[in-house]
Amino acid sequence: MSHPAYGVLREVSPTASVLLENNPSTMTLDGTNTWVLRAPGARECVIVDPGYQDLDHLPRLVEQGPVALILLTHHHPDHTEGAPWLAERVQAPVRAFDAALCRDADPFADGDVISAAGLDIEVLHTPGHTADSVCLRIGDQVLTGDTILGRGTTVLTDLGSYLDSLRRLIELPPGLLALPGHGPEMADLRDVAREYLDHREQRLDQVRAALAKLGRHATARQVVELVYADVDRALWTPAEHSVQAQMQYLRSTQSR
């Protein structure tokens, strides 16, 4: 079975399976990947990122057996909106970096190790896409949320933090399986993080060149129209957010 496979639980590794929500878009790629985690032989499971309050998708998660815990990689609604509904149905607590998203449990922090469903899940705070973004490491695999996608690149709110997060992921051991919030899994997280870092540095050079041409008072939209001229215009609005983050980063580094 290949990605995407809507509505069917697909085993990716002995401890991680994915249920793909049928919510494709330019921002969600094929849809939101909801991850179901359990050690071999474990009765309970951990659900990561239930997705929208989608009553075709969420009941299939209820069917996965007793749910020990619901974890969220960041606050965007395509990952979190369905969490209260699911938590109520399965009577499981919800944990996230942001305390406002939690239910009947404390927020987690960088470096925490969460033990549930026979697994030890390490929290890696990886801000940049959002301030509350995390990756979750389980042995030789890492759930990356929207920090790293299975295809393309992610929208940013803080480039400096994001570059630091990528460098942190590059320091992890080679060969870790990357399990993203959108798109297919990838064989080596460190290689993908390095590609992302190279891409961001190239984009920064392009933004610098665009500002040199347009002048320091250029808007993010003007920079997008120049730098992203060969990109589908449907992606220009999210690209504008990333360019704004790049411009803020360049201003902050110039002022030091």
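Could you tell me what percent of the accessible area of the stretch 73-137 is made up of carbon and sulfur, with a 1.4 Å probe and every protein chain present?
Using a 1.4 Å probe with all protein chains present, the stretch 73-137 comes out at 47 percent carbon and sulfur.
Please state, rounded to one decimal and in Å, the Kirkwood hydrodynamic radius that the stretch 51-109 gives when every pair of distinct Cα atoms enters the mean of 1/r.
Final number for the Kirkwood radius of the stretch 51-109 is 11.4 Å.
Quick check on the stretch 103-218: what does the Kirkwood estimate of hydrodynamic radius come out to from the alpha carbon pairs, in Å?
In the stretch 103-218 this quantity evaluates to 15.2 Å.
Please get the size of the charge dipole for the stretch 38-109, origin at its Cα centre, with Cβ charges of +1 on Lys and Arg and -1 on Asp and Glu, quoted in debye to the nearest 20.
280 debye
Of His74, His125, which has the most accessible area with a 1.4 Å probe, and how do the rest follow in descending order?
His125, His74
For the stretch 216-248, which trypsin sites (Lys or Arg not before Pro) are both in a DSSP coil and crowded by at most 12 other Cβ atoms within 10 Å?
Answer by residue number: Arg216.
What is the antiparallel percent of DSSP beta bridges lying wholly in the chain, to the nearest 5?
Restricted to the chain, the bridges split so that about 70 percent are antiparallel.
If you place +1 on the Cβ of every Lys and Arg and -1 on the Cβ of every Asp and Glu, how big does the dipole about the Cα centre of the stretch 7-162 come out, in debye to the nearest 20?
Approximately 340 debye in magnitude.
If you keep only loop residues by DSSP, which GluC sites (Glu not before Pro) in the stretch 46-130 have at most 13 other Cβ atoms within 10 Å of their Cβ?
Glu63
Put +1 on the Cβ of each Lys and Arg and -1 on the Cβ of each Asp and Glu in the stretch 112-177; which of His125, Gly152, Val113 then has its Cα farthest toward the positive end of the dipole?
Gly152
Can you tell which of Leu214, Leu166, Leu235 lies farthest toward the positive end of the dipole of the stretch 146-256, using +1 and -1 charges on the Cβ of basic and acidic side chains (Lys, Arg; Asp, Glu)?
Going by the charge dipole, the pick is Leu214.
Sequence gap at least 6, Cα distance under 8 Å: using those rules, report the relative contact order of the chain to the nearest whole percent.
12 percent
Find the centroid of the Cα atoms in the stretch 178-256 and in the stretch 97-136, then give the distance between the two in whole Å.
The distance from the Cα centre of the stretch 178-256 to that of the stretch 97-136 comes to 27 Å.
Of the DSSP beta bridges with both residues in the stretch 107-256, give the percent that are antiparallel, rounding to the nearest 5.
DSSP beta bridges in the stretch 107-256 are roughly 75 percent antiparallel.
Leaving out ligands, DNA and RNA but keeping every protein chain, what accessible area does Ile114 have, in Å² rounded to the nearest 10, with a 1.4 Å probe?
The accessible area comes out at roughly 10 Å².
Net charge within 13 Å of Thr237 by Cβ-Cβ distance, Lys/Arg positive one each and Asp/Glu negative one each, not counting Thr237 itself?
Overall, the nearby charge balance is -1.
So what is the 222 nm mean residue ellipticity for the chain from helices alone, if each DSSP H run of at least 4 adds -39500 (n - 2.57) and you divide by all residues, rounding to the nearest 500 deg cm²/dmol?
-10000 deg cm²/dmol
Of the labelled options [x] -1.12, -1.44; [y] -1.17, -1.30; [z] -1.03, -1.27, which one gives log10 I(q)/I(0) by the Debye sum over Cα atoms at q = 0.15, 0.17 Å⁻¹ as computed for this structure?
Evaluating log10 I(q)/I(0) by the Debye sum over Cα atoms at q = 0.15, 0.17 Å⁻¹ on these atoms matches [z].
Are there GluC sites (Glu not before Pro) in the stretch 157-251 that DSSP puts in a loop and that have at most 11 other Cβ atoms within 10 Å, and which ones?
Here the GluC sites (Glu not before Pro) that fit, given the DSSP loop and packing criteria, are Glu171.
The values are calculated or read from the model by the stated rules, or taken from the named source; none is laboratory data. Everything quoted here is computed from the prediction, not taken from an experiment. All Cβ positions, even for glycine, are placed from backbone atoms using ideal geometry, and neighbour counts span all protein chains on display. These accessible areas exclude ligands, DNA and RNA; they are computed on the full protein's heavy atoms, side chains included. Shrake-Rupley method; radii C 1.70, N 1.55, O 1.52, S 1.80 Å.
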